[in-house]
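Note sheet for the following structure.
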Amino acid sequence: MEFFIPGLLLFLVSVIISFIVAPRFTPLVIALLSIVFLTYGVYDHYKMFASEYRLSTWQQSLKIYAPAIMIGAIILFIIYAILSFFTKGSIPIPLIPNITAPNDNSTTNNVIQSLNKAANGITNNNKNDIVSTVNNTINKLNNIGNNNNANKGNNIGNVNKKKNNVSRSFLETI
């Protein structure tokens, strides 16, 4: 029971820090706290193993500090990057605009109104243009037929051509 209650208390405190306190920190605060904890960890490690550090050669002692120096340099670089992007130490969060979708009836009404406008535009505005285009096309087809009838006498010598059959090609008609 002696180990259970302090362990449970430590677990609850770590859960509170992880889920309630830590998400409210800015990246700059987290980077500064990591430097503080790294410095404390190196100091505590040196204090705990002081005799081993004294007995080792000077090259060995530098090898021990290499990861801490590297991590410290990376953390300083991250702090510099954060300060260069966000000068106030906080991350600006853009506002999301409220988007409201139209109801179903208004969407259906808009589509129906657009279709009605298109139908009215075709029947009223373009009616004369469509009629004149169709009439011109019919007149041109009649003229082509009349020209073919007039040129029948010139093609008497050409026996291979079919005369006035539906199976004639378009190029023979022209």
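The values are calculated or read from the model by the stated rules, or taken from the named source; none is laboratory data. Model, not experiment: these values are computed from the prediction. Here Cβ is always computed from backbone atoms with ideal geometry, including for glycine, and neighbour counts include all displayed protein chains.
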Looking at (1) closer than 30 Å to Phe49 by Cβ; (2) modelled with pLDDT of 70 or more, can you tell me which one Ser114 breaks?
(1)
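With the structure loaded, tell me whether Phe19 is within 30 Å of Ala81 (Cβ to Cβ), in a helix (DSSP H, G or I) and at pLDDT 85 or above or whether it fails that test. It would help to see each step written out before you state the result.
Values: within 30 Å of Ala81 (Cβ to Cβ): yes; in a helix (DSSP H, G or I): yes; at pLDDT 85 or above: yes.
Yes, satisfied.
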Which count do you get for residues in region 33-67 that are basic (Lys, Arg) and either farther than 30 Å from Val21 by Cβ or surrounded by 11 or more Cβ atoms within 10 Å (Cβ to Cβ) (or both)?
2
Hey, Val13 within 30 Å of Ser84 (Cα to Cα) and at pLDDT 85 or above or not:
no
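Out of the residues in region 24-69 that are in a helix (DSSP H, G or I) and of a type in the set (Val, Ile, Thr), which is nearest to Phe86 (Cα to Cα)?
Of all residues in region 24-69, those in a helix (DSSP H, G or I) come to 24, 27-48, 50-55, 58-69.
Right, trim to of a type in the set (Val, Ile, Thr) and you get 29-30, 35-36, 39, 42, 64, 69.
Values: Val29: 13, Ile30: 15, Ile35: 20, Val36: 22, Thr39: 26, Val42: 30, Ile64: 34, Ile69: 25 Å.
Top of the filtered list is Val29.
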Among (1) surrounded by 11 or more Cβ atoms within 10 Å (Cβ to Cβ); (2) modelled with pLDDT of 85 or more - the single one Ile91 does not satisfy:
(2)
As an exercise: evaluate Ile78 against (1) part of a helix (DSSP H, G or I); (2) among the aliphatic types (A, V, I, L, M); (3) out of contact with any helix residue (DSSP H, G or I) (no Cβ under 6 Å at 6 or more places or on another chain) and give the number of the one condition it does not meet.
(3)
